[in-house]
Amino acid sequence: MALPIKYQFTRRIIGYEIIGLAIIVLIIWLDELIDIPYLFLGAENTRVNWKESLFETACILVLGVLVIHYTYKLFKRMKHLEGILPVCAACKKIRDENGNWHAIESFISEKSDAKFSHGVCPECAEKLYPDYNPYKKKPI
C-alpha cells in the first residue's frame, strides 16, 4: 500500500535536508583534505587541521538535526485535505469516508486548522434582503 501524499512529501523533504547536510559535511572535509581554495582560486596552501573540521562538522550536524527535527514536527502538525470531496448539490454538506454527511464548516474545521466566519454575498443579499442590501449602490 502506498503512503499518503502527505507522508511521501514529508519523507522527500527530510531526505533532501539529509542529503544537503551530507553535502555540506563532505565539502568541509574535502576542503580540509584537498584544500579547495588552493586548487581552484590560487590561495595559499594551508595545512590539514582535522580538529577544526571535526568541530565544524559537529556544529553543522547539531544544527542539521535540529532543522530536520523541526521540519518533521511542522509536517506532522500540518493538516490538509486531498482527493475528491463529495458535496451535496442542494445543501452543500460533505460526505465523509463512512458515508455520514456533515456541514461544510464542521467538516473542514475538523480536518484542518481553517476557521470560518459567515457573511452574505451580493447575489444572496439581493435575494434575501432586497430592502437592506449593503452591496447595493445608494443614489447620491
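No value in this document is a laboratory result; all are computed from the given coordinates. Fair warning: this is a prediction, and the values are worked out from it, not measured in the lab. Neighbour counts are summed over all protein chains in view; Cβ atoms, including those assigned to glycine, are modelled from backbone coordinates with ideal geometry.
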- At Y72 and K136, where each label point lies 7 Å from the Cα along Cα→Cβ, what is the point-to-point distance in nanometres? 6.1
- Query: How far is it, in nm, from the label point at E126 to the one at V65 when both lie 7 Å from their Cα along the line to the Cβ?
  - Reply: 6.4
- Query: Once semi-axes √(5λ) of the Cα gyration tensor in Å is worked out from the coordinates, which option in (i) 58, 23, 12; (ii) 29, 18, 15; (iii) 21, 19, 16 does it equal?
  - Reply: (i)
- Message: Once R0 is set to 41 Å, what does the formula 1/(1 + (r/R0)^6) return for the Cβ-Cβ distance between N100 and E17, expressed as a FRET efficiency to the nearest 0.05?
- Response: 0.55
- Query: How would you rank R47, R11, going from fewest to most other Cβ atoms within 10 Å of each one's own Cβ?
  - Reply: R47, R11
- Within the chain, what is the number of lysine pairs with alpha carbons under 22 Å apart, leaving out pairs fewer than eight places apart on the same chain? 22
- Dipole of the chain [Lys/Arg +1, Asp/Glu -1 at C-beta], most positive-end residue of G20, F116, T46: F116
- Task: Evaluate the charge dipole of the chain about its Cα centre and quote only its size in Debye, nearest 20, assuming +1 on the Cβ of each Lys and Arg and -1 on the Cβ of each Asp and Glu.
- Result: 880
